[in-house]
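Asker: Pasting a structure here, questions to come.
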Amino acid sequence: MRAGQEHDLGAAIAAVRERIRRAALRVGRAPQEVTLIGVTKTVGLETVAEAIRHGLRDFGENRVQEFVPKQQAFPGVRWHFIGRLQTNKVNAVVGRAHLIHSLDRWRLAEYIDGRAQRLGIEVPVLLQVNVAGESAKAGIAPAEVADFLGDVQRLRGLRVEGLMTIAPESDNVEEARPVFRMLRELLEQHRARGYANAPLRLLSMGMTQDFEVAVEEGAHLVRVGRAIFGPREEEGAAWG
């Protein structure tokens, strides 16, 4: 967006919803199966309030220092924590997040579980899987999913609702398709095992550059920033 050019937030949200609808219908899915999460990294409170007025009800943050004040300012909508969560920040997020998308290591699972048990709650999380095997990205390897889910069975404060991944950035969105397809196959494979505290019913995958392909491959949650809020000064690696 050029300097001085006004951004029509309502139109942008409607356009993304329409793209989700069309992608779902192309593969015979019901569009209402897909939840749009607006990624609000560096987005101010006034813009969040405007997005809420335009009907957006799910928001994602990947920094605790932005997540907490926004969740406190707008507790009536669903706040998803989608960034890498440091263990020393767990207390600030657990109990506030509708869903933590980024469980990526065992030590973090133990910290979340400990905080959850102290609060007497069960925390919904997604297991982040590094399907593409990119060294710069977090997440466990696909081959480690079975052991991780098995170990989670002894943690009473966690509920693994599904899996999350980030596809490699590429000018060709079709390169993301096998990554998303593999995550869906992993979900289906492990859901059939019937883990007690891992219903594995959700796939979080797809961002501005590839969310339509993600919907076609089974995404239930798409994390979209730029296509809704416009480009921002600090884009970061891949959170919208």
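The values are calculated or read from the model by the stated rules, or taken from the named source; none is laboratory data. All figures in this text were calculated on a predicted structure; none of them were measured in a lab. Here the Cβ positions follow ideal geometry from the backbone for every residue, glycine too, while neighbour counts run over all protein chains shown.
Asker: Give me a count of the residues in the stretch 206-240 that are assigned to a loop (DSSP other than H, G, I, E, B), at pLDDT 95 or above, under 12 Å from the mean Cα position of the chain (by Cα) and not aliphatic (A, V, I, L, M).
Answerer: 3
Asker: Now a separate question. Need the failing condition index for residue 76 against (1) of a type in the set (Gly, Ala, Ser); (2) surrounded by fewer than 22 Cβ atoms within 10 Å (Cβ to Cβ); (3) not in a loop (DSSP other than H, G, I, E, B), just the number.
Answerer: (3)
Asker: Can you tell me which residue is modelled with the highest pLDDT among those in the stretch 121-168 that are closer than 16 Å to residue 90 by Cβ and of a type in the set (Gly, Ala, Ser)?
Answerer: 157
Asker: Can you run down the residue pairs with Cβ atoms below 9 Å, 6 or more apart or on separate chains, where the first is in the stretch 64-91 and touching a residue at least 40 places away in the same chain (Cβ under 8 Å) and within 20 Å of residue 104 (Cβ to Cβ) and the partner is hydroxyl-bearing (Ser, Thr, Tyr) and buried (at least 19 other Cβ atoms within 10 Å of the Cβ)?
Answerer: Correct list of pairs: 80/204; 82/102; 82/204; 83/102; 84/102.
Asker: Return the pair list, or none, for Cβ contacts closer than 7 Å from residues in the stretch 106-135 that are basic (Lys, Arg) to residues that are assigned to a loop (DSSP other than H, G, I, E, B), at least 6 apart or on different chains.
Answerer: 115/94
Asker: Starting from residues that are among the aliphatic types (A, V, I, L, M) and touching a Leu at 6+ places or on another chain (Cβ under 8 Å), keep the ones in the stretch 35-71 and report whichever is surrounded by the most Cβ atoms within 10 Å (Cβ to Cβ). Break it down stepwise before answering.
Answerer: Filtering the stretch 35-71 down to residues among the aliphatic types (A, V, I, L, M) leaves 36-37, 39, 43, 45, 48-49, 51-52, 56, 64, 68.
Cutting the leftovers down to touching a Leu at 6+ places or on another chain (Cβ under 8 Å) gives us 36-37, 51, 56, 64.
Values: 36: 21, 37: 29, 51: 23, 56: 21, 64: 19.
Among residues in the stretch 35-71 that are among the aliphatic types (A, V, I, L, M) and touching a Leu at 6+ places or on another chain (Cβ under 8 Å), the one surrounded by the most Cβ atoms within 10 Å (Cβ to Cβ) is 37.
Asker: Is it the case, given these coordinates, that residue 168 is under 30 Å from residue 18 (Cα atoms), of a type outside the set (D, E, K, R) and free of Cβ contacts under 8 Å to residues at least 24 places away in the same chain?
Answerer: On the way: under 30 Å from residue 18 (Cα atoms): yes; of a type outside the set (D, E, K, R): yes; free of Cβ contacts under 8 Å to residues at least 24 places away in the same chain: no.
In short, no.
Asker: In the stretch 153-199, how many residues are aromatic (Phe, Trp, Tyr) and either in contact with a Phe, Trp or Tyr (Cβ under 9 Å, 6 or more places away or on another chain) or part of a helix (DSSP H, G or I) (or both)? Write out each step before concluding.
Answerer: Start the filter on the stretch 153-199 by keeping residues that are aromatic (Phe, Trp, Tyr), which leaves 180, 195.
So of that shortlist, the ones also either in contact with a Phe, Trp or Tyr (Cβ under 9 Å, 6 or more places away or on another chain) or part of a helix (DSSP H, G or I) (or both) come out as 180.
Residues meeting the conditions: 1.
Asker: Can you work out which of the residues in the stretch 139-182 that are small (Gly, Ala, Ser) and surrounded by fewer than 15 Cβ atoms within 10 Å (Cβ to Cβ) is farthest from residue 213 (Cα to Cα)? Break it down into steps so the answer makes sense when it comes.
Answerer: At the first step, the residues of the stretch 139-182 found to be small (Gly, Ala, Ser) are 139, 141, 143, 146, 150, 157, 162, 167, 170, 176.
Now drop any that are not surrounded by fewer than 15 Cβ atoms within 10 Å (Cβ to Cβ), which leaves 141, 143, 146, 150, 170.
Values: 141: 22, 143: 24, 146: 26, 150: 30, 170: 13 Å.
Per the stated criteria, the residue is 150.
Asker: Out of all the residues in the stretch 6-22, is one or more surrounded by fewer than 18 Cβ atoms within 10 Å (Cβ to Cβ), at pLDDT 95 or above and in contact with a helix residue (DSSP H, G or I) (Cβ under 7 Å, 6 or more places away or on another chain)?
Answerer: Yes, because at least one residue in the stretch 6-22 is surrounded by fewer than 18 Cβ atoms within 10 Å (Cβ to Cβ), at pLDDT 95 or above and in contact with a helix residue (DSSP H, G or I) (Cβ under 7 Å, 6 or more places away or on another chain).
Asker: Against the conditions (1) on the phi < 0 side of the Ramachandran plot; (2) touching a Lys or Arg at 6+ places or on another chain (Cβ under 8 Å), where does residue 44 fall short? Just the number, please.
Answerer: (2)
Residues are listed down the side, and each one gets a yes or a no for (1) more than 20 Å from the chain's Cα centre (by Cα); (2) farther than 24 Å from residue 58 by Cβ; (3) of a type in the set (Asp, Glu):
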residue	(1), (2), (3)
127	no, no, no
138	no, no, no
148	no, yes, no
169	no, no, yes
179	no, no, no
192	yes, yes, no
204	no, no, no
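Asker: Of everything in the stretch 122-138 that's within 16 Å of residue 85 (Cα to Cα) and of a type outside the set (Val, Ile, Thr), which residue is surrounded by the most Cβ atoms within 10 Å (Cβ to Cβ)?
Answerer: Initially, the stretch 122-138 is screened for residues within 16 Å of residue 85 (Cα to Cα), giving 123-130, 136-138.
Those left that are additionally of a type outside the set (Val, Ile, Thr): 124, 126-128, 130, 136-138.
Values: 124: 17, 126: 25, 127: 28, 128: 25, 130: 19, 136: 8, 137: 18, 138: 17.
Among those that are within 16 Å of residue 85 (Cα to Cα) and of a type outside the set (Val, Ile, Thr), it is 127.
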